[in-house]
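I have placed the structure first, in the form of structure tokens, so that the comments after it can refer back to it.
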Amino acid sequence: MKRIAFVLSRLLQTVLVLLLVATMLFLIFRLMPGNPLVAYLDPTFTEDMERQLRAQFGLDKPLHVQYALFLRNAVRGEFGNSFFTREPVNEVIWTVLPNTLLLTLSALLLAYAVGIAGGALLAARRGTWIEHWGIPAVLATRAAPEFWVGMLALAIFSFSLQWFPLGGATSPGSVFASNWTRIFSGDFLQHLALPALTLALYLQGLPTLLMRNSMLEVMDEDFITFARMRGLPERIVVLRHAARNALLPVVTAFALGIGYSIGGNVIIETVFSWPGLGRTLVRAVAAKDYPVAQAAFLMIAAVMIFMNFVADLFYSLLDPRVSYERR
Amino acid sequence: MALLDVERLSVEYQTLQGTVRAVRDVSFSLPPGRALGLVGESGCGKTTLARALIGVLPRNARITEGAVRFEGTDLLRLPADQFNDYRWRRIAMVPQAAMDSLDPVQRVGDQMVETIVLRGNLTRAAAADRARELFAMVGLQPDRLRLYPHELSGGMKQRAVIAMALALRPPLVIADEPVTALDVIVQHQVLQTLRDLREALGVSLLLITHDISVVASLCDDVAVMYAGRIVESGTVRQVFAEPRHPYTMGLRNAFPSLRAEQEHLVPIEGYPPDLAHPPQGCAFTARCPFAIPRCWEEDPVLRAEGDGQEAACHRAHEAPVLRVQAAEAFARLAGDEIRSAPREAC
Amino acid sequence: MSDAERTLTLPTRWSQAASSWRDALGTLAVVARRDRFALVGIIIYVAFFAIALLSPVLAPYNPQELNYLPGGDVAANLPPSLSHPMGTTNLGRDIFSQLLYGSRAALMVGFVAALGVVILGTLVGLVAGYYGGWVDTVLMRLADVAFGVPFLPMAIVLVAFLGPNIWNVVLVMTLLLWRDTGRIIRAQVLSLRERSYIEAARVLGASHTRTMFVHIAPNVLPLSFLYGSLAIGWAILTEASISFLGFGDPNVISWGFMLQDAYNSQALARQAFHWFVPPGVCIMLAVMAGFFISRGYEELLFPRLRRR
């Protein structure tokens, strides 16, 4: 019962934050210098389209009415039409969303797999040169700008060695039977490889250091000492006992990570011309294609806020199993 | 031949405050089938000693000298993997705060089976049977094997850990404060369990505690430890009925007894010395009501006083006289505060 | 042991409070002494600082100026040579000079933004933690919103609307990045608030403001420094990212701008490593310096029990 109340209160908070962010977005776009209608209307729209959009978004009504309409339309998923392609913004968003999700998920999974192993290694090799130089090396991966690493990767592996394509998600002119065949095609994977690897290199810093910290804390616990007293092989002590306990905060971070990296994908997508949400946002803002920009931003925010909520839930689910406290 | 023969063992810690000499030149023997109680207040080095015997010390600890002979073999001179063969198979330990010694994310039964399979070379099925057997031996229902540690009470966890210690039928079990964290009724039950197990299995026991009543009820022999050294040893009868070291005399007066009526509870005033800078003479001098000038300068050696009893005190030969004066002498040191023990039915 | 050291070595009990802001600032010297890497970080910043100050003297050319070959053509895309140690851009500008001048933008943005983040975050943390109640609730809800906003997208949108001015970039970063610092400082203040020396100060008649700033603040300052040095790194990375995406200040030659310039000029295809490797290395060094210093603080403020 308490669990349900907790979930509901968290859900409410989540919706509240999303609402506030949407409101901020609404205000920013309305407060732009210039014609307030600019957010939805491009001078080249036809009269009919203009009239329709005015009605739908209440563009000549007072602000609070606009706000209500904005919210209603947002919930329905209507953001108008792109200034440039004239397509409904929905379609644009839903086309690019899977690309972003695939890139983010594959990079995160790789980053966490490597990070967990690396963190455990750093913890196990405490006080050795591996740790001493390993940590600065990991910090370096976080300090180097993602796009710079991407540029290096492109210059070396794509332009010079020609192992990977130069950008995009698929080769130009290729046609696929459906979205599913496209995603599992070799062509797509080849295009995904470099951006995902670059993003993964950047992302692994967090799980590595987090896992190391967590392991070091766990290794000091009494049950680890007891495992050694029983004469269990060190391998079992570290893997089966220490690592399993140390994974808890890392798993939580993974859930949070999905949310955060969605926002940061902007950079990787731009460097590799990956057709995802982030790149769509950047191009829309640069080109002043406001409907698309608004929608892309909201989608990114929504995914992020929702994943924070999921991470909260996750932690509360795993937590009661553990009988001692963590910092 | 003694089962366990510790000779001049010393253990040090490296800390930010300097080098702490936690165990200093400790020697004692444990014959097979006997139970030896190691008594002392917190910080006297008992746990460090226990962990040195099983060879699992903290990273900053070092054994600086001595020998630990188990059935004749010096464990400290063995290579790590050979020493590991002895662990749990020949020497097992029930650590302090046993309740924290269980992996929180693994079922208790699985931890038992894991130990038995990996160290005892039994099949999983045989190990599972043995686990049930062990639980029954300590008075736990077999269905509790499926539970996670946090689903068990303190007493149950303690017994589970004791069961684990017996899993490979080791001839020696070291128990570090096995009942301290438990409430009195459960304490009694667990002590009874330990007594029954000793009788049934003939296990030798090294019991470490600060509570002399536990030692009195469970052990055959006792060694009193203070500031890293053994200051008195002998049979329980000898040491508690006729102590020869002022510290032991003080301990007796400080503990309430359920057996005899005790009029006054007298504490031992003061604190143990800082083992980062141990004193030159006897470590107990500052708190001892019978100290003489020699005590400040010369650290007494553990010396036989007849009948197998040993004490490290310059005035050990005067013990019978000092014994009588002890309560009053300690009380005077404590500032004339003589407190009464609560009247209790025997 | 100096007062500054004591502030750092008794963190979990904070039983001896920093008696002054000077002690709190002195912690930087302690960190430098104790942690080799932190010292390296400080040296890196000092070096960049010197370069930034002296760039007009050190740079052989004006970074914006187009250079010409003797024949009259633009000296575009030249490989490294004696006259141009790192070659030239596709518009004939000297890369080495750009690199040197780039340190100015980086340090300016980095330190000013970090200062903003730290001040805002510390203030919010102090006020929220000290007063509690509805003040705390409101401030923490604001923090929740700040956490709920995807950082880079928001920065892009705001900068696009406010204008591609470097100070807008700094402003945006301050507005969004204070949240981590604020949360942590608030937690620390909550635990400090109950200390007896705070109670003593209040009993002796110290006003709320005085208590907050004279008694509590110096003791959370090392924590502020920790996050401040992290913030420098984030700020430099963010500015570089925004410039790379094309929303940066076109009049400022920053390292991020250089990378954008290189990318857009097909430097990758031309394998002009001399152009795009150095700015990235500089960014990496500047950010790492911040990480090292913050780790130095972390090791001392939250010492892992190395020896039991």
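Since every read-out is calculated from the coordinates, none of them should be taken as a lab result. All of these numbers come straight from a predicted model, not from anything done at the bench. Here the Cβ positions follow ideal geometry from the backbone for every residue, glycine too, while neighbour counts run over all protein chains shown.
Of note:
- For chain B, the Cα-based Rg and Dmax, in that order, read 20.9, 66 Å.
- Here chain B is assigned +1 on the Cβ of each Lys and Arg and -1 on the Cβ of each Asp and Glu. Its dipole about the Cα centre then comes out at about 740 debye.
- Crossing angle, helix B:108-120 versus chain B [Cα axis fit, 0-90 degrees, rounded to tens]: 90
- B:V39 sits among other residues whose Cβ lies under 12 Å from its own Cβ, and their net charge, with Lys and Arg +1 and Asp and Glu -1, is -3.
- Cα-centred dipole magnitude for the range B:104-167, charges only on beta-carbon of K, R (+1) and D, E (-1), debye, nearest 20: 40
- With the charge dipole of the protein assembly as shown set up from +1 on Lys and Arg Cβ and -1 on Asp and Glu Cβ about the Cα centre, the Cα lying farthest toward the positive end among the listed residues B:Y247, B:M93, A:F297 is that of A:F297.
- Computed E for B:R146/A:A193 - FRET, C-beta separation, R0 45 angstrom, nearest 0.05: 0.45
- Inter-label distance for B:H317 and C:V281, nm, one decimal - labels placed 7 Å from Cα along Cα-to-Cβ: 8.3
- Computed extension length for B:T15-B:D110: 30.5 nm, one decimal, from 0.36 nm per residue of separation with the Cα-Cα distance subtracted.
- Summarising the strand pairing of the protein assembly as shown, around 65 percent of its internal DSSP beta bridges are antiparallel.
- Simple label model, 7 Å out from Cα along Cβ direction - A:F176 to A:I4, nm: 4.2
- The calculated FRET efficiency for A:T85 paired with C:R22, based on their beta-carbon distance and R0 = 56 Å, is about 0.35.
- Above 17 Å, the calculated P(r) of the range B:104-167 contains 29 percent of its Cα-Cα pairs.
- Along the range B:290-298 the Karplus relation, 6.51 cos²θ - 1.76 cosθ + 1.60 evaluated at θ = phi - 60°, assigns HN-Hα couplings of 10, 5, 10, x, 4, 4, 6, 9, 10 Hz to successive residues, with x for each Gly and Pro.
- Karplus 3J(HN,Hα) series, Hz, for the range C:220-231 with 6.51 cos²θ - 1.76 cosθ + 1.60 (x for Gly, Pro): 9, 4, x, 5, 4, 4, 4, 6, x, 5, 5, 5
- Equivalent ellipsoid of the range B:1-100: semi-axes from √(5λ) of the C-alpha gyration tensor, largest first, are 21, 16, 15 Å.
- Available extension along the chain between B:M1 and B:A276 is 95.4 nm, counting 0.36 nm per residue and deducting the alpha carbon span.
- Amide H contacts of B:R229 (H built 1.01 Å from N, under 5 Å, at least 5 apart or other chain): B:R24
- At an R0 of 25 angstrom, the distance between the Cβ atoms of B:H188 and B:A254 translates into a FRET efficiency of 0.75.
- Spatially proximal aspartates and glutamates relative to A:K288 (Cα-Cα < 12 Å; intrachain offsets below 8 disregarded): A:D42
- Cα-projected label distance for A:F159 with C:R193, points at 7 Å along beta-carbon direction, nm: 5.6
- Leading residue at positive end of dipole, the range B:237-340 (Cβ point charges), from B:F290, B:Q238, B:A319: B:Q238
- Chain A: angle of helix A:205-219 to the longest principal axis, Cα-based, in degrees nearest 10: 30
- Most to least packed among B:120-130, B:162-172 [average Cβ atoms within 10 Å]: B:162-172, B:120-130
- Farthest towards the positive end of the charge dipole of the protein assembly as shown, among the residues B:S29, C:V74, A:P172, is the Cα of A:P172, using unit charges on the Cβ of Lys, Arg, Asp and Glu.
- Based on every Cα atom in the range B:63-122, Rg and the maximum pairwise Cα distance Dmax equal 14.5, 40 Å.
- For the range B:177-185, backbone phi angles converted through the Karplus equation (6.51, -1.76, 1.60; θ = phi - 60°) give residue-by-residue couplings of 6, x, 10, 4, 7, 9, 6, 4, 5 Hz, Gly and Pro being listed as x.
- Taking Cα centre as origin and charging only the Cβ of basic (Lys, Arg, +1) and acidic (Asp, Glu, -1) residues, the dipole magnitude of the range B:237-340 rounds to 160 debye.
- Across peptide A:273-286, the mean count of Cβ atoms from other chains lying within 10 Å of each residue's own Cβ comes to 3.
- The range B:237-340: C-alpha gyration tensor shape, a/c 1.5 cut-off, then a/b vs b/c: oblate
- Overall shape: oblate for chain A, with the ratio a/c of the largest to smallest alpha carbon gyration tensor axis at 1.5 or above and b/c at least equal to a/b.
- Prolate is the label for the protein assembly as shown, because a/c, from the alpha-carbon gyration tensor with a ≥ b ≥ c as root eigenvalues, is 1.5 or above and a/b exceeds b/c.
- Distance cut-off 27 Å, percentage of C-alpha pairs in chain C lying past it: 50
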